[in-house]
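Student: Okay, handing you the structure first.
All of the numbers you see were taken from the coordinates with simple rules; none came from a lab. Just so it is clear, the structure is predicted and the values come from calculations on it, not from any experiment. Neighbour counts are summed over all protein chains in view; Cβ atoms, including those assigned to glycine, are modelled from backbone coordinates with ideal geometry.
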Ligand code: C5P
């Protein structure tokens, strides 16, 4: 059994505005609905746990989609707290050695082929796997005055995307360890790496964008209108 965890408890502070970004509309529906639709229409995924902000007034109350269950829980102050809450809310039948896919609610343009590739690699790699994209731009390091002090090599550098796929037991141990150590992890792989493990990188599509700014929303609108 493979479940997905969808952290959706963020306030979208960087985006600005009243509505948390996962509820902004693109191509006729909220970003979170695009993410749920892609995950639950994929044959490898059996259900989704969504972590919501306490008292979220915008959650439409879905309990299933495409005939598969949607379970909700209350997320936490940091993304990792929300993912941990979702982990705890999984049904008992999901064993410690089963794969979980963690995906941002604000990434509406995930394609089924990337899920196929990720699941294949993660099934073969005990440390898990993540979708990622090679860094293509030249990287500059800045000083306090925002002047360039160095050009960094981009060789072997990748941008971490989602979904990120790990076995339930590994993800739980990783998030517990980060919490005990007081380290705020910005993705699940970072927590897993801190256990000394080496998740695989699976090259994913560059258009699996996370909506963070109004310009991203316009791009998501364009991409989704073409594909959905
Ligand atoms: O803020 P950021 O873009 O990193 O958020 C990525 C995802 O994590 C979003 O779907 C957001 O709703 C979620 N999140 C969460 N709980 C938090 C912070 C972010 O579920 N405390």
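Student: For region 1-31, enumerate the residues that are within 13 Å of the ligand (Cβ to nearest atom) and within 23 Å of residue 122 (Cβ to Cβ). Let's see the steps before the verdict.
Tutor: Taking region 1-31 first, the residues within 13 Å of the ligand (Cβ to nearest atom) are 4-16, 19-24, 30-31.
Within region 1-31, 4, 5, 6, 7, 8 qualify.
Student: Which one of 185, 102 is closer than 27 Å to residue 84 by Cβ, within 16 Å of the ligand (Cβ to nearest atom) and out of contact with any strand residue (DSSP E or B) (no Cβ under 9 Å at 6 or more places or on another chain)? Even if it seems obvious, please write down each step before you answer.
Tutor: Details: 102 fails: out of contact with any strand residue (DSSP E or B) (no Cβ under 9 Å at 6 or more places or on another chain).
Testing whether each residue is closer than 27 Å to residue 84 by Cβ, within 16 Å of the ligand (Cβ to nearest atom) and out of contact with any strand residue (DSSP E or B) (no Cβ under 9 Å at 6 or more places or on another chain) leaves just 185.
Student: For region 152-174, enumerate the residues that are surrounded by fewer than 21 Cβ atoms within 10 Å (Cβ to Cβ) and within 16 Å of the ligand (Cβ to nearest atom).
Tutor: Hits for region 152-174 are 159, 160.
Student: Checking the condition without any contact (Cβ under 8 Å) to a residue 40 or more places away in the chain and buried (at least 20 other Cβ atoms within 10 Å of the Cβ), which residue from 58, 65, 36 passes? Walk me through how you get there before you give the answer.
Tutor: Numbers: 58 fails: buried (at least 20 other Cβ atoms within 10 Å of the Cβ); 65 fails: buried (at least 20 other Cβ atoms within 10 Å of the Cβ).
After ruling out the rest, the residue left standing is 36.
Student: Quick check on region 49-58. Is at least one of its residues on the phi < 0 side of the Ramachandran plot, away from the ligand (no atom under 16 Å from the Cβ) and touching a helix residue (DSSP H, G or I) at 6+ places or on another chain (Cβ under 7 Å)?
Tutor: There is no residue in region 49-58 that is on the phi < 0 side of the Ramachandran plot, away from the ligand (no atom under 16 Å from the Cβ) and touching a helix residue (DSSP H, G or I) at 6+ places or on another chain (Cβ under 7 Å).
Student: Here is a check on your reading of the model: is residue 96 within 22 Å of residue 1 (Cβ to Cβ), surrounded by 10 or more Cβ atoms within 10 Å (Cβ to Cβ) and more than 17 Å from the chain's Cα centre (by Cα)? Full working, then the answer.
Tutor: Details: within 22 Å of residue 1 (Cβ to Cβ): yes; surrounded by 10 or more Cβ atoms within 10 Å (Cβ to Cβ): yes; more than 17 Å from the chain's Cα centre (by Cα): yes.
Criteria met by residue 96.
Student: While we're on this one: Tally time: how many residues in region 115-132 are at negative phi, more than 16 Å from the ligand (Cβ to nearest atom) and buried (at least 22 other Cβ atoms within 10 Å of the Cβ)? Can you show your working first?
Tutor: From region 115-132, those at negative phi are 115-127, 129-132; that's our starting set.
Next, from what is left, pick out any that are more than 16 Å from the ligand (Cβ to nearest atom): 115-127, 129.
When the remaining residues are screened for being buried (at least 22 other Cβ atoms within 10 Å of the Cβ), the result is 115, 118, 122, 129.
Going through region 115-132 one residue at a time, the tally reaches 4.
Student: Please name all residue pairs, on different chains or six or more residues apart, with Cβ atoms under 7 Å, provided the first residue is in region 75-95 and is within 10 Å of residue 9 (Cβ to Cβ) and the second residue is in a helix (DSSP H, G or I) and near the ligand (Cβ under 8 Å from one of its atoms).
Tutor: What qualifies is 75/81; 75/82; 76/82.
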